[in-house]
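Since every read-out is calculated from the coordinates, none of them should be taken as a lab result. From a predicted model like this one, the values you see are computed outputs, not experimental measurements. Cβ: placed from backbone, ideal geometry, glycine included. Neighbour counts: every protein chain shown.
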Amino acid sequence: MPRVVKSREEFEGEIFESLVLVEGKDLPLPSGVDFTEIGRSRRRVDGLQRVTGRARYTQDVYLPGMLYARVLRSPYPRARVRRIDTKKAEKLPGVRAVLHRFNAPKAAFRGEETIFREEVRFVGDEVAAVAADDEQTAVEALRLIEVDYELLPHVVDLQEAIGDMAPRLDTDGNVAEAATHKRGDAKRALKEAEFVVDATYRTSTQVHNSLETHGAVAAWDGDQLTVYESTQHTFGVRQGLRTALKLPYSKIRVLCDYMGGGFGSKGGAGKYSIIASLFSMQLVRPVRCVLTREEENIAAGNRSATLQQFRIGGKAGRITAIEHTSWANVGQGRWVANPTGPTNVRSPSSRRWTSSPRRWGSTR
């Protein structure tokens, strides 16, 4: 006889409920049955490779004729890049190419049409990139690049950024509403509540710091792009490269045999993926672009600092209303996590983000 089974799952603070029609002898599983697979431990198929060091991570990928890409990053939290002089860097023996905002092709990334901005928005923002025969040469070439910056006003605090006196990064201001979730009539419930509790909470920025830093090795053979990427989402990287490079899916292959940590930060293509790919397509040689530990901290994304305001009402021993408004300091790296997930399930809530420069911008 058909049955309706209610399923309840929690994922990263968000609770999902669903109803499933079960027919015949399908789920739920009968009790007292001894299964050969379910509920039994199994040896990990990749365990031997990992513990013996034979597992090949992205940072272990070295291809014949490979070049090394390094990125010149902004030392300022906000500035306009007025001029870039790369003549000295290009003359350095071993340097094969230099990319920056004045010569790089358009490559869409997170709502923008370029990976090298006219106006850098945080300490660590990408200004230029060098491809060279070895990493040491690439690093030396970065030192030879001359950049003329026009410093612009900025704030580094989330509450300052949402205030009326903060410099505007966008014509509509620094706050963009990401989403609003409503259920029921919260205002009426709060008015009828026997008690109302108001609270404000703040959370700090959290950096993922994966043991294997973010990185990619790209190889263009003249017809197909193969990218070895440290990622949790190979199809997300493929989607990002398709958007940036205007290549069809059939021309993009993304591989990740093993990944040395991600924690939610390796969900798609990064600018390093696009830089390696652009160089490889330009030079028709494999190109490796792997972030250093310092770059992992300033340019690989984070869980944004938040400012969260709650109003909770109740009567007769029950919570009858919740209003939850949250601001997330995503800066201009556009890194955002959902801070209102737990309250979305049963109550009205909303979240906003602010585009202020990232918090550590003034410490560099």
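State to the nearest 20 debye the size of the charge dipole of the chain about its Cα centre, where the only charges are +1 on K and R beta carbons and -1 on D and E beta carbons. It would help to have the intermediate numbers written out before the result.
Numbers: 55 positive and 45 negative charges, 59 e Å.
So the dipole magnitude of the chain works out to roughly 280 debye.
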Quiz prompt | Order of 7, 326 - criterion: other Cβ atoms within 10 Å of each residue's Cβ, fewest first | solution = 7, 326
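Packing-wise, with mean Cβ within 10 Å as the measure, how do 43-51, 199-207 rank, highest first?
Working: 43-51: 10.3, 199-207: 12.0.
Going from most to least packed, we get 199-207, 43-51.
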Quiz item: Can you give the angle from 0 to 90° between the axis of helix 135-144 and the longest principal axis of the chain, with both taken from C-alpha atoms, to the nearest 10?
Solution: 80 degrees
Quiz item: Longest span of the chain, sites excluded, free of GluC sites (Glu not before Pro) in DSSP loop with at most 13 other C-beta atoms within 10 Å?
Solution: 195-364
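With a cut-off of 8 Å between alpha carbons and a minimum separation of six or more residues, what is the relative contact order of the chain in percent? Could the numbers behind the result be given before it?
Values: 794 pairs, mean separation 77.7, N = 364.
Once divided by the residue count of the chain, the mean separation gives 21 percent.
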Quiz item: Put +1 on the Cβ of each Lys and Arg and -1 on the Cβ of each Asp and Glu in the chain; which of 51, 197, 313 then has its Cα farthest toward the positive end of the dipole?
Solution: 313
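With the cut-off at 1.5 for a/c, could you classify region 57-118 from its C-alpha gyration tensor as rounded, prolate or oblate?
Values: a/c = 2.01, a/b = 1.32, b/c = 1.52.
Here region 57-118 falls in the oblate category.
Expressed as cubic angstrom per residue, what is the convex hull volume of the alpha carbon set of region 1-146? Display every interim value, and only then the final one.
Values: hull volume 36.7 nm³, N = 146.
Normalising the Cα hull of region 1-146 by residue number yields 251 Å³.
Can you flag which of 187/315; 91/271; 246/271; 6/266 are past 23 Å Cα-Cα?
On the way: 187/315 14 Å; 91/271 25 Å; 246/271 15 Å; 6/266 33 Å.
From the list (187/315; 91/271; 246/271; 6/266), the Cα-Cα distance tops 23 Å for 91/271; 6/266.
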Exercise. Report, in whole Å, the centroid distance computed from the Cα atoms of region 205-268 and region 291-330.
Key: 28 Å
Practice problem: Would you mind getting the Kirkwood hydrodynamic radius of region 105-175 from its Cα pairs, rounded to one decimal in Å? | Solution: 15.0 Å
Quiz item: What share of all Cα pairs of the chain, in percent, falls into each consecutive 20 Å distance bin?
Solution: 24, 47, 25, 4
Practice problem: Could you give the spread of the C-alpha atoms of region 241-295 along their three principal axes, from largest to smallest, in whole angstroms? | Solution: 29, 22, 20
